[in-house]
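The values are calculated or read from the model by the stated rules, or taken from the named source; none is laboratory data. Because the structure is predicted, anything quoted here is derived from the model rather than measured. Reconstructed Cβ throughout: ideal geometry from the backbone, glycine too, with neighbour counts over all protein chains shown.
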């Protein structure tokens, strides 16, 4: 297998989050889910244990329940004053508002995501 290192480097250094680019109307075939899990299993594990467990959730009621918990968590986090103020000049200072807004957005649409893999 030949790997295009430039393409891999670009992907890994420019793709931060896809929350706002999710296609919530597109179905996800079981074969694609299986392929993603197989790729995920190539990641290193502590002490080389390979003790993976995955749960694939497609049931709408279960996804809605999980989304409600996520939404509650993001609301609690936002009302707690998180994230704490960063020191002046901290390079993350300009990024954190976008990160928090994106996390909130995911809470708003999470129950529309067609498949959860936990």
Legend entry - Breaking point among (1) assigned to a helix (DSSP H, G or I); (2) without any contact (Cβ under 8 Å) to a residue 40 or more places away in the chain; (3) farther than 19 Å from residue 16 by Cα, for residue 97: (3)
Legend entry - Members of the range 12-48 that are modelled with pLDDT under 90, surrounded by 10 or more Cβ atoms within 10 Å (Cβ to Cβ), over 23 Å from residue 104 (Cα atoms) and under 16 Å from the mean Cα position of the chain (by Cα): 40
Legend entry - Identity of the residue in the range 49-58, surrounded by fewer than 10 Cβ atoms within 10 Å (Cβ to Cβ) and modelled with pLDDT of 90 or more, that ends up nearest to residue 99 (Cα to Cα): 55
Legend entry - Condition broken by residue 6, with the remaining ones in (1) part of a helix (DSSP H, G or I); (2) exposed (fewer than 10 other Cβ atoms within 10 Å of the Cβ); (3) under 19 Å from the mean Cα position of the chain (by Cα) satisfied: (3)
Inset, instruction - Output the number of residues of the range 63-82 satisfying the condition of being surrounded by 10 or more Cβ atoms within 10 Å (Cβ to Cβ) and without any contact (Cβ under 8 Å) to a residue 40 or more places away in the chain. - result: 11
